[in-house]
Amino acid sequence: QVQLVESGGGSVQPGGSLRLSCVASGLMFRINSMYWYRQNPGKERELVASITSGGTTNYVDSVKGRFSIFRDNAKNTVYLHMNSLKPEDTAVYFCATYWNTVQHWGKGTLVTVSS
């Protein structure tokens with residue numbers, strides 16, 4: 001079955017950086033678009049960044065110029081580099097993808113940005 005395992009979350013001061021990783025298994029990773037979402041309690045889950053199998057990326061406006069998504073097909077891993085972090089970036093970050101028309105999610109990793 002499809003499994004997505006995120007790591008790399010933690011606590012950081014405003015202006016700091018983190019790199020999130022998501023290792024995928026149970027699918028043909030190299031042909032899948034991959035997605036990073038985030039969610040705060042009481043709020044809807046927000047799509048933060050995506051990357052297609054061909055490497056085309058998209059970002060929500062609030063993270064453009066600060067976050068970068070990239071993939072390593074040899075490692076079945078997608079990354080989210082987060083720079084210049086702000087308190088409003090605090091959230092649980094989830095990795096997601098589609099396989100056989102079903103959307104699959106990881107369990108998430110918590111990012112806290114606070115002084």
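The values are calculated or read from the model by the stated rules, or taken from the named source; none is laboratory data. It should be emphasised that the depicted structure is a prediction, and the values quoted were computed from it without experimental measurement. So basically every Cβ, Gly included, is an ideal-geometry build from the backbone, and we count neighbours across all protein chains shown. Just so you know, the surface numbers come from the protein's heavy atoms only, side chains and all, with ligands and any DNA or RNA stripped out. Shrake-Rupley method; radii C 1.70, N 1.55, O 1.52, S 1.80 Å.
Nonpolar atom fraction for the chain, defined as the carbon and sulfur part of the 1.4 Å probe accessible area, stands at 48 percent. Placing a label point 7 Å from the Cα of residue 40 along the Cα-to-Cβ line, the residues of region 67-111 whose backbone N sits under 17 Å from it are 85-94, 109-111.
The HN-Hα couplings worked out from phi for region 44-60 by the Karplus form 6.51 cos²θ - 1.76 cosθ + 1.60 (θ = phi - 60°) are 6, 5, 10, 6, 9, 7, 9, 9, 7, 4, x, x, 6, 10, 9, 9, 5 Hz, whole numbers, x standing for Gly and Pro. Rolling a 1.4 angstrom probe over the protein heavy atoms with all chains in place gives the chain an accessible area of 53 Å² per residue.
For the chain, the normalised intensity computed at q = 0.10, 0.12, 0.21, 0.22 Å⁻¹ comes to -0.26, -0.38, -1.14, -1.24 (log10 of I(q)/I(0), Debye sum over alpha carbons, equal scatterers, no solvent).
A simple spin-label model places pseudo-atoms 7 Å from Cα toward Cβ; at residue 28 and residue 47 they are separated by 2.3 nm. Each semi-axis of the equivalent ellipsoid for region 25-66 is √(5λ) with λ an eigenvalue of the Cα gyration tensor; in descending order they amount to 22, 15, 6 Å. Which net charge results when you count Lys and Arg as +1 and Asp and Glu as -1 among the other residues whose beta-carbon is under 11 Å from that of residue 14? The answer is -1. DSSP assigns beta bridges within the chain; of those with both partners inside it, close to 95 percent run antiparallel. FRET efficiency for the pair residue 115 and residue 56, taken as 1/(1 + (r/R0)^6) with r the Cβ-Cβ distance and R0 = 25 Å, rounds to 0.10. Region 38-115 and region 9-37 have Cα centres separated by 6 Å.
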